[in-house]
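Heads up, the thing below is written out as C-alpha cells.
Just so you know, all these numbers are worked out from the coordinates, no wet-lab data involved. A quick note: this is a predicted structure, and the numbers were derived from the prediction, not measured. Heads up, the Cβs are rebuilt from the backbone with ideal geometry, glycines too, and the neighbour counts pull from every protein chain shown.
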Amino acid sequence: MQNAQPHDKDLLLYTQYADWWPLLSAPEEYAEDAADYHRIMQKHHEGNPICVLELGSGGGNNASYLKTHYQMTLCDRSEHMLNVSRRLNPACEHIQGDMRSIRLNRQFDIVFIHDAIGYMATEQDLKAALQTAFVHCKPGGIALFTPDYTAETFRPATYHGGHDGKEASMRFLQWDHDPIPNDGQYQIDFAYMFQTAGTRKPEVVGETHVCGLFRKKDWIQWLQETGFTSQSEVIETDELEPGMYRVFIGKK
C-alpha cells in the first residue's frame, strides 16, 4: 500500500484521484441529506432565498439537489473537484478558492458549508471560514455549517463503500479516530482501492486526513464573535444514533 500524509490542499482524493469521486461518493447518496439542508434553509431564512454560495462544494453532490431550489454558486479550493462538479452541474457557477480567504465582493441569501468545514483543523482556520461566510451573507441571510462531529458527539467509527462504473470500480475503507484526545482534532485514515476494466489487481492507496473537532459552545461563541446570531439544530439520520448529528446556523 502507498501511504501519504500530505498538506490538506494536496490530498490525493481531491487531486490525483478526483475523477474517481463519483465512484466513492455517488450523488444519489446525498438525496436525504440535501432535503434536510433545504428544510433548514427554508425554516431559518425569513424571506424567499434565491442565491446560495456553497463553500467547499467538492464534487457537487449536494448542489445536484439544491440547484432545483436555488441559484447555486459553487466554490472549492480544488480545481480537480470543480471539474467533477461541472460535469454534474453544468449550469451552476463554479469558482476556485479557499474558504478561509476567498472574497467575491458580492453577497448571497445563504452561505452553505457542508462537511468540508471539517478540514478547518484549527481554531484560526475555522474562524477564518466563519468570517468568509459572514462577509458573503446578505443582511437577514443565513449561513449553514454541517460538521460531521462536534467534540461531544465524536465516536470512533469505520465505514466502507464504493461503486462500480462502466469501465472502473472503486472501494474504500474509512477509519475515524482520535489518536491524541483533547487536542481539538481527529484523524481519518483511508484506504482506497481503484480497479480499471481488464486488470486483475486493484491499485491500493492509503491517505490520512486531519480534521477539526470543536465543542458546541465554541461553535456558538465563535459564530457570535463573527457577527452572527447563532443556534444549532440536531438532524436525525439513519446512519447515526439519535442526537449525534448537529448543524449550526448563523443569521446575519
Checklist outcome for this item: Bridge orientation stat for the chain from DSSP, antiparallel percent rounded to 5, came to 65
Checklist entry - Quick one: D19, D176, fewest Cβ neighbours within 10 Å first, how do they rank? => result D19, D176
Checklist entry - Which order do K127, K166 fall in if you start with the one that has the fewest other Cβ atoms within 10 Å? => result K166, K127
Item to check | Estimated inter-spin distance, I220 and E46, nm [label 7 Å along Cα→Cβ] | outcome: 2.1
Next on the checklist: Give me the mean projected area, in nm² to one decimal, of the convex hull enclosing the Cα positions of segment 152-211.
Outcome noted: 4.8
Next on the checklist: Checking the cross-link filter: which aspartates and glutamates have an alpha carbon closer than 18 Å to that of K166, excluding same-chain neighbours under 8 positions apart?
Outcome noted: D19, E28, E203
Next on the checklist: What are the extents of the Cα atoms of the chain along their three principal axes, in Å, largest first?
Outcome noted: 57, 44, 33
Item to check | Overall Cα dimensions of segment 2-125 - principal axes, largest extent first, Å | outcome: 50, 34, 22
Checklist entry - In degrees between 0 and 90, to the nearest 10, how far off the longest principal axis of the chain does helix 31-44 point, with axes built from Cα atoms? => result 10
